[in-house]
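The values are calculated or read from the model by the stated rules, or taken from the named source; none is laboratory data. Bear in mind that the values here come from a model prediction, so they are computed numbers and not experimental data. Please note: Cβ atoms are built from the backbone with ideal geometry, for glycine as well, and neighbour counts cover all protein chains shown. Heavy atoms of the whole protein, side chains included, go into the accessibility calculation; ligands, DNA and RNA do not. Shrake-Rupley method; radii C 1.70, N 1.55, O 1.52, S 1.80 Å.
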Amino acid sequence: MRSIIPVMTIVAGILLLWLLAVIPMNMHLVADQAQRDDRVVTPDTPAARQDLGGITLALRNPGLVADTYSLTRPRLPAPQQVAVEMYDTIIDKRITSKRSLVYHGWVTLAPTLLGFAIGTGLGILLAVGIVYSRVMDRSVMPWAIVSQTIPILALAPMIIVVLGSMGIQGLFPKSLIAAYLSFFPVVVGMVKGLRSPDAMQLDLLRTYNASKSQGFWKLRLPASTPYLFASLKIGISASLVGTIVAELPTGARAGFGARMLVGDQYGQPLVSWAALFAAALTAAALVGLFGMIERITLKRMGMQAS
Amino acid sequence: MTLAAVACAVWILGWWMNVRLANGASSDAIAIKILIPAIFGLTIVIVWELMVRGFEINPVILPAPSDVIERLGVSGATLWADFRQTILKGALVGYLLGAAAAFVVAIIADRSDFLTRGILPVGSFMAALPIVGTAPIFVKWLGSDWESKAAVVGVMVFFPILVNAVAGLKDTNAMQRDLMRTYAAGYWATLFKLRLPSAMPFVFNGLKIGTTLALIGAIVAEFFGSPTVGMGFRISTSFGQLALDMVWAEIVVAAIAGSAFYGLMVMIEKWVTFWHPSQR
C-alpha cells in the first residue's frame, strides 16, 4: 500500500511527458492546417517549416499550441483524446457493434484463454515428464530452451495462413500461437518448482515410506505452486501478445490486432491507440486476476505470497 | 509407407540410444550431455525428412529439411543481407540503446527510495504489456528503415532490463553497506565497487530476456513496412510467393542468431559474475 503515492507520481510524470511531447510531434500538422485556414504562420512556406524542429516551430507560433491537442488525425494523440475514444468505443457502443472494443476484445480474449489453457496443461505434463524421466530431461530440455530463441511470434501470421489453407480457421489457429508462447514459461517454472523440495524434505517422505505418487501429490506438486503462479502470470501476458500479433498482418477483421492495423491503414490513429491501450488494460487485468488467485491460493495453502 | 516405417524405426533407435546414454554410467560427462540433445535433434530432422517424402506432403505446407538446407546454400547472399539489416542494425542497435537507457534510469531511480518504489511496479506492469503493438506507430514516425525497428526493440527491452536493474541495485545487505561505510567509501565508490557488481546477476537476467524480445521486435516491426531487405520482409514476401523453403531458411538463421545472441550473453554473464554461487 505504501507504494501508491510513488507509483502515482511516476504515472503522472509519464502523462506529463506525453502531454509535452504532443506539441512538437503535431506542430507541423497544425501549422500546415493553419496556413490553409489563412492564419498567420511563421515561417510561411511548408518547405521552410520542414527545416525547423517541432519545438522551434512551437516557440515561433505560440498561438497554435492549443490546436495540437485537438487534431483528428494527429501523429501523437493527446492522452485525453485516447481516453475519449476509449470511452466512446467501450462504454458508449453496444457490445454487438463492430466498432465496440468490447466486441473486439472478446475476439482476442477467447483464443488467448483457450491457448493459455492448452499451453499450461501441456507445459505441466512436459515438466512432470522432465522431472521424472532422465532421458526427457537430457534430450528435450535443451531444445525447449533453443526453441525460445526462435522468434515464433514472427511466424504467427504465416502459421495462421497455412492452417487456414488446410481449412482450419477461427479460434484454433490463434490459440495455437497463444499456447506455444505460454507453454515455455510454464515448463521452466514447473520444472524448477517440482525440483524445489530439498533433500531433507525428500528424506522425510522416505522415512514415512511414501510411494512415488504420494511424493508427487503431497510434496512436489504443492511445493511447485508458487513457481507455477509466477509462470502463469508471464504465460497469460505472452498468450495475449501472441494472439494480437497473430491477428496483425493476416487480414483478420476483428480483434485488437485488427483494430490496430485498421487504424494504421485508414489514417485513424485514434482507433489504433485506443486498441493498443485496451489491449494493455486487458493484459493488466489478466495478470492482476492471476495475482489475486495466487494470493488467495497461497494463503489457503499456508504459504506467504511474495 | 516404407519411408514412414523407416521413420518409426529411426525414432525408436534414437530414443533407445538416448535412454542408454542418459541412464548409462558416464551420463554426466560433458560430451554425453551434448550428444543426447544432438541425437534427439538429428532424429527429429530425419523423421521430418522421411515423413515429408513418405507422405508426399505439399512443399507449400511443409518443405523437407533437405530443401531448406539447399536454400540456405543457394541464397546465402540474400540471407546475409537480411541478417545484417534486421539483426545487426535493427535488433542490435535497439537492444544496446534500450539497455543503456534502462541502466541510466535505474541508477537515477536508485538514488531515491521514493522513485524506486514507484518505478518497480510501473516497470513490471509495462513489461507485461503487448509493446510489440507499437510497431505500426513507430514505423509511421521514423520511416520504414531500420531506425523504426531499433526504436521498437529499444522500448521492448527497456522495461525488463529496468525492472531487473532496479531490483538488483537493492540487492545488498546492511552488513555489506556498513562495511563500505567503515571504509569511508562515498556514494560513487559504493556504487561502482559494491552495488553495481552485486546487481549484475539481476541485470543479466534482464539482458537475457531482452535477447529474444529484440529479435521478435525487429522482425515483427518489418511486417509494417520495410525496405526490400530484412528478415521480416523476406518472410512475408516469400510466404506470398509460397516459397516456404525460403521462410524456413530465415527461421533457421533467426534461430541460430537468437541462440548465438543468448549464448553470448551467458558467456559475458559467466565472465562478469564469476563470483556468484550459481556460476560455481
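For this structure, a couple of remarks:
- Number of the condition not met by residue A:162 [criteria: (1) hydrophobic (A, V, I, L, M, F, W, C); (2) over 25 Å from residue B:37 (Cα atoms); (3) open to solvent by 60 Å² or more (accessible area, probe 1.4 Å)]: (3)
- Just so you know, in region B:198-216 the residues that are open to solvent by less than 30 Å² (accessible area, probe 1.4 Å), more than 9 Å from chain A (Cβ to nearest Cβ) and not aromatic (Phe, Trp, Tyr) include one that is nearest to residue B:110 (Cα to Cα), and it is B:199.
- Hits in region B:158-178 - residues which are loosely packed, with under 12 Cβ neighbours inside 10 Å and part of a helix (DSSP H, G or I): B:174, B:175, B:178
- Residue identified as surrounded by fewer than 13 Cβ atoms within 10 Å (Cβ to Cβ), among the basic types (Lys, Arg), over 30 Å from residue A:219 (Cα atoms) and at pLDDT below 80 among A:94, A:60: A:94
- Residue A:65 meets the conditions (1) farther than 24 Å from residue A:275 by Cβ; (2) modelled with pLDDT of 85 or more in every case but one. The failed one is (2).
- Of the residues making up region A:40-57, one or more are within 14 Å of chain B (Cβ to nearest Cβ) and in a helix (DSSP H, G or I).
- Residues satisfying the stated conditions in region A:260-306, i.e. out of contact with any Leu (no Cβ under 9 Å at 6 or more places or on another chain), more than 11 Å from every other protein chain (Cβ to nearest Cβ) and in contact (Cβ under 8 Å) with a residue 60 or more places away in the chain: A:268, A:270, A:271, A:297, A:298, A:301, A:303
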